[in-house]
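The values are calculated or read from the model by the stated rules, or taken from the named source; none is laboratory data. In this text, all values refer to a predicted model and were calculated from it rather than measured experimentally. Backbone-built Cβ (ideal geometry, glycine too); neighbour counts: all protein chains shown. Areas reflect the complete protein model, heavy atoms only, side chains present, ligands, DNA and RNA absent. Shrake-Rupley method; radii C 1.70, N 1.55, O 1.52, S 1.80 Å.
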Amino acid sequence: MRNRNRFAQKASSVLLSSALLLPGCGGGGGGSSTFRQPALMPAQAANAPVIARRDGVQIGGDVRPSLGDLSPAGAHGEVTVSTGRVRDGESAERVRDFLDIHVFHLTSGDAELQTFNMKPVIRIRESTDDRFIDDIVKTVQLINTALPYEHRITVSPERAPHSAEPECVGDTCSYVTNYVPQGQIFVGVGPQSEWAIYAQIGDDRLAGITSTTAGIDGIPPAATVWINSTALSNIHARIRIVLAHEILHALGMEGHPELQDFQSVMNDAVPWNRTNRVYHLEKIDVDGLHAIYTRFYDGSYYVDYDPNDLGPWTDVSFHLRGDMDDVSFGASSRNGLLQPWAHGLSPATDLADNPALTGSASWSGRLLGFTSESQSLAGAADLTVNLATLRGQIDFTGLEHWGVNATPGAIGSGQTWNDGDLGYGVIVRGNTFNQTGGDDGEVTGMFFGPNHEGMGGVVERSDMSAGFGGTR
């Protein structure tokens, strides 16, 4: 058993605790009133977020560009293609300033970032009410839009024991694998009175707290997160904001930027009337997290930080966008961060309750996105669903790619991507669908239009990310 005094001394202490306090109440919701997504299960943390907005439902990252910012690029079948560059990211100077808030400045003059140097696995404490599982999964989905594919967080279906806590004698505690396994983040949501004793600090306004530990000799980190459901009045939107704040602490964002400097989910106190926080991370959070795990991460828990290592960086994204009746879709590419998306209006009923559809139904359209090297990618997208079983198949065929951030040429003018096709079994839940098997990767989709005239979504793998859409 190791105690805190035997851990690496590069940080001020081994227990890196961060707390978020609540300001006064305020703010409201928003979003599409007709869309009701079934509660998510832990396995769906690997899928893209599906978010009700005032102008429709969005799948994937918050990167949908305005058509007015793009240029027409021809048509692929019935899909109108547009491309262009949009200044929608953070500058290199802003990213460096933001990361400096999260850096440990050592007495030697060096600086280090703390990173979670294993693929993070969240386990929900067994004392957490089932109604909060959906909040945790949706929060992880949002965070994953900023992380490299290989470092995205998963949520285990296995619950964590509520009583798993470090043993402490005075100020000396054992924070190793005997209470949270390496690479795992235990998350508990409940009244502060039910938290572990060490976490019960502050007054009733304490919204959340994170403790992260790591040892010498390459021992990976572990973390524990507590969220105060009583202080948050069980308002799910607020719980997701605090969850995002605390999980990002566990991933290495240790600081609390001032609101006047950065509008960030990492602000010390959250202004609840900023309702857009419910739907996505702020741009600085996305770019900062992406920079940590692509430009500085080297597999170590403590990473040497030199601002110059950010390397070439741009705040301009290259966008691909496709438009059909009832659905638009596409993807953006910026600094190696690929973010696919799809958007449309929610149907009036669930797919299973549409009286005009019987037997099976099919939708056909296109896919637009990027390879892992940011080469533009396109292909056909075809979905068929058995209305009796709500199971089906989606196939992406004729997949071809062009140059890096290039406007796709006419169908058939590119180079074949891999073997040219992907296929997935899917299951429909309400008006959403996701993969049940097939090729590697995750498919997150939805039906759009009053009577399910359209479908769209995103497919993400280690070697490609794309949006897709189609019509009946």
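Please verify whether region 425-433 includes one or more residues that are assigned to a loop (DSSP other than H, G, I, E, B), farther than 23 Å from ARG85 by Cβ, in contact with a Pro (Cβ under 7 Å, 6 or more places away or on another chain) and in contact (Cβ under 8 Å) with a residue 60 or more places away in the chain.
Within region 425-433, one or more residues are assigned to a loop (DSSP other than H, G, I, E, B), farther than 23 Å from ARG85 by Cβ, in contact with a Pro (Cβ under 7 Å, 6 or more places away or on another chain) and in contact (Cβ under 8 Å) with a residue 60 or more places away in the chain.
Can you name every residue in region 96-117 that is open to solvent by 70 Å² or more (accessible area, probe 1.4 Å) and either without any contact (Cβ under 8 Å) to a residue 12 or more places away in the chain or aliphatic (A, V, I, L, M) (or both)?
Scanning region 96-117 gives HIS105, THR107, SER108.
What do you reckon, is THR314 open to solvent by 50 Å² or more (accessible area, probe 1.4 Å), free of Cβ contacts under 8 Å to residues at least 60 places away in the same chain and assigned to a loop (DSSP other than H, G, I, E, B)?
For THR314, the condition - open to solvent by 50 Å² or more (accessible area, probe 1.4 Å), free of Cβ contacts under 8 Å to residues at least 60 places away in the same chain and assigned to a loop (DSSP other than H, G, I, E, B) - is not met.
Name the residue that is nearest to GLY190 (Cα to Cα), counting only residues in region 112-146 that are outside any strand (DSSP E or B) and basic (Lys, Arg).
ARG131
When you scan region 59-76, how many residues do you find that are among the small types (Gly, Ala, Ser), modelled with pLDDT of 95 or more and in a loop (DSSP other than H, G, I, E, B)?
1
Only one of these is modelled with pLDDT of 90 or more and in contact with a helix residue (DSSP H, G or I) (Cβ under 6 Å, 6 or more places away or on another chain): LEU243, LEU248. Name it.
Exactly one residue qualifies, and that residue is LEU243.
Just the residues that are under 22 Å from the mean Cα position of the chain (by Cα), open to solvent by 20 Å² or more (accessible area, probe 1.4 Å) and hydroxyl-bearing (Ser, Thr, Tyr), please, taken from region 368-395.
SER372
Checking the conditions here, which among GLU93, GLU126 is open to solvent by 20 Å² or more (accessible area, probe 1.4 Å), free of Cβ contacts under 8 Å to residues at least 12 places away in the same chain and among the charged types (D, E, K, R)?
When all the criteria are applied, what remains is GLU93.
Out of PHE370, PHE447, PHE396, report the one residue that is in a strand (DSSP E or B) and in contact with a helix residue (DSSP H, G or I) (Cβ under 8 Å, 6 or more places away or on another chain).
PHE447
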